[in-house]
Amino acid sequence: MIVHLKSKQYYIDLYDKHTVERCRRLEKSQSETEIPKDKKVTKKEAEAVKNYVHELMLTFEKGERYLNKEKTINEWMERDRQRDELLEQAQPPEDIRCLTCRNRIAVLDKQLWHGDEDKSDRVLFMFECPNKCLPRRAFFNDGEEWRSKPHLCAKCANPTKHVVSDDKEKMITTYTCTKCKHVETDEYVWSKTEDEYDEHFAEDRDRFCLTEEKGREFQDMKWNMERAGKFMEEWDEKQKALAKRLEENPQGFHREGVGYRCAICGDSTPEGDNWYDKYGIKCLVCQKAIDKKEIPASLAKNKDSWYTKHDFDHYFNVKGQTLQKWIRESIVKPRTVSHYGEGVHTQLFLIKDNKDFLPPKKLLESHMVKEIKDGKEWNQMHPWYHFGDPHVILKGYKIMDHLRVVPPEEMKQREEERKAKDEARRLHREKVKSARKVRKKRK
């Protein structure tokens, strides 16, 4: 009797084999996929997008196969355990008789028939007459008799005769009609045997079947993506609710809650100290400045049209004292937002107020650069002035008359001094830490 349940390692190997086959098909489809032609996209860009998409698909195929592995193997083992139990415990129907001599016939053999969507697994019992009469009979354990269906001619529906040829690679069955002599053929290609040599299987299994460590990494990545997706769904719902409320209150309204960041000054707003309208969220101080026409409301939406003190430091390395000097000398003109008429809440530097002095922010964009450190590849953002001569990039803007471009030699010296200071601080911390350990031991 055939035993279906095997060792767990058998199922692990089988699952890995299926994983490798699926991933190989996915890789093959990538190589066969044609890149659509588009005048707006270069061939190189299209190739990069295609490779990225297929790599993402392969990543998820490998990851999902890992996540479902243990569950699927347990299901397979439980299915085969139940099949063995069914095959062992199933009872044949009683009082089955020979159709020729009417004698009771006995069970000759039994085998498991795998079920489908309509019927579950069943056991088929083969009965043989003690007088060796033909034909034999076969019954399932639920009492249904199995009967072979004759092959009929596709043209005239009369019975056919068949001949089978098998060359170990494929089996060909030839059906010939007994009346009109119409011929039909049916081919079955034998699948590869388990023992067939696959020289790349071990290599591909290492590529496609994730280790526990890599599997956990994928699980974390998937969880983070699902969490981000859920957050975006919730964000979209909130934005729809805000849009609906803004339709009902076109002049704006207070938003419930705390911690909203003002689109003008960047401050976090306390409870009730905010105003939301078509330009976004602002603190009440900045909203008051907008209402008094001190600053345009559009600044909340178009942040590329103005600079902050932080922007001067970030883009030009201009510190607060230097900037205040420029303001006093009328080199640069600020828009001052007071705190309800007293003091300075924040200062903004509009590009339209400082034409020919402040450049568009688009000229000052940072770019990602790949660097090799300690044998590893790192991506790091570099400022705009690393990609050309600042005098050329900002040609025609008077701010360059007040800036000094530090020569590369001086920059290198500054970097070395910074590293030396960092190293001195590190050594000092280690020295202090060691001294504490010594004192602790003495106690």
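Please treat every number below as a calculation from the coordinates, not as lab data. Because the structure is a prediction, the values reported are computed rather than measured. When we count neighbours, we look across all protein chains shown, and the Cβ atoms used for this are built from the backbone with ideal geometry, even at glycine.
For the range 223-317, what does the relative contact order come out to in percent, with C-alpha contacts under 8 Å and a separation of six or more? Across the range 223-317, relative contact order equals 17 percent. Does the range 131-191 classify as rounded, prolate or oblate by the C-alpha gyration tensor (a ≥ b ≥ c root eigenvalues; a/c under 1.5 gives rounded; else a/b over b/c gives prolate, otherwise oblate)? Note, shape of the range 131-191 comes out oblate.
Look at where the Cα atoms of the range 243-296 and of the range 5-74 average out, and the two centres are 48 Å apart. Placing a label point 7 Å from the Cα of ASP401 along the Cα-to-Cβ direction, the residues of the range 309-344 whose backbone N falls under 15 Å of that point are 326-327, 329-333. Any chance you could run the full-extension gain for LYS17 through ILE172? It's 0.36 nm times the residue separation minus the Cα-Cα distance, nm to one decimal. Computed gain between LYS17 and ILE172 is 53.0 nm. A DSSP coil position with no more than 16 other Cβ atoms inside 10 Å describes the following GluC sites (Glu not before Pro) in the range 20-113: GLU34, GLU94. For the range 129-180, the set of GluC sites (Glu not before Pro) satisfying both a DSSP loop assignment and a count of at most 11 other C-beta atoms within 10 Å is given as GLU169.
Taking other C-beta atoms within 10 angstrom as a stand-in for reagent exposure, CYS23, CYS133 fall in the order CYS133, CYS23, fewest first. Going by a ≥ b ≥ c, the root eigenvalues of the Cα gyration tensor, does the range 185-331 fall in the rounded group (a/c under 1.5), the prolate group (a/b larger than b/c) or the oblate group? Prolate is the answer for the range 185-331, as a/c is 1.5 or above and a/b outweighs b/c.
Restriction of the GluC sites (Glu not before Pro) in the range 336-397 to DSSP coil positions whose beta-carbon has at most 14 other beta-carbons within 10 angstrom yields GLU365.
With neighbours defined as other Cβ atoms within 10 Å of a residue's Cβ, the residues LYS433, LYS69, LYS179 order from fewest to most as LYS433, LYS179, LYS69. What the Cβ-Cβ distance of ASN224 and ARG136 gives, at R0 = 60 Å and to the nearest 0.05, is a FRET efficiency of 0.45. The relative contact order of the range 61-125 comes to 23 percent, based on Cα pairs under 8 Å that sit 6 or more residues apart.
If the chain linking ASN74 and LEU56 were pulled fully straight, counting 0.36 nm for each residue of separation and taking away their Cα-Cα distance, it would gain 3.7 nm. Give me the percent relative contact order of the chain, please, defined on Cα pairs under 8 angstrom at least 6 residues apart. About 7 percent, as a whole number. Which of the three applies to the range 222-261, rounded, prolate or oblate, going by the alpha-carbon gyration tensor with a ≥ b ≥ c and a/c under 1.5 meaning rounded? In terms of gyration-tensor shape, oblate.
Note on GLU409/TYR197: beta-carbon distance plugged into 1/(1 + (r/R0)^6) with R0 of 41 Å gives a FRET efficiency of 0.05. What's the longest uninterrupted piece of the chain once you rule out the chymotrypsin sites (Phe, Trp or Tyr not before Pro) that are loop residues per DSSP with at most 15 other Cβ within 10 Å? Answer from the scan: 1-189. Candidate values [x] 28.1; [y] 23.6; [z] 32.7 were compared with Kirkwood radius over Cα pairs in Å computed on the shown model; the agreeing label is [z]. Charge dipole of the chain (Cα centre as origin; +1 on each Lys and Arg Cβ, -1 on each Asp and Glu Cβ, all else neutral): 2280 debye, rounded to the nearest 20. Segment HIS182..LEU108, full-extension length gain: 22.9 nm, with 0.36 nm per residue of separation and the alpha-carbon distance subtracted. For the pair GLN82 and PHE231, label points projected 7 Å from Cα toward Cβ lie 4.2 nm apart. Between MET368 and ARG97, the simple spin-label model (points 7 angstrom out along Cα→Cβ) gives 8.3 nm. Given labels modelled 7 Å from the Cα in the Cβ direction, how far is it in nm from LYS376 to GLN324? Distance between the two pseudo-spin positions: 4.2 nm.
The distance linking the range 321-340 with the range 120-152 is 99 Å (Cα centroid to Cα centroid, whole angstrom).
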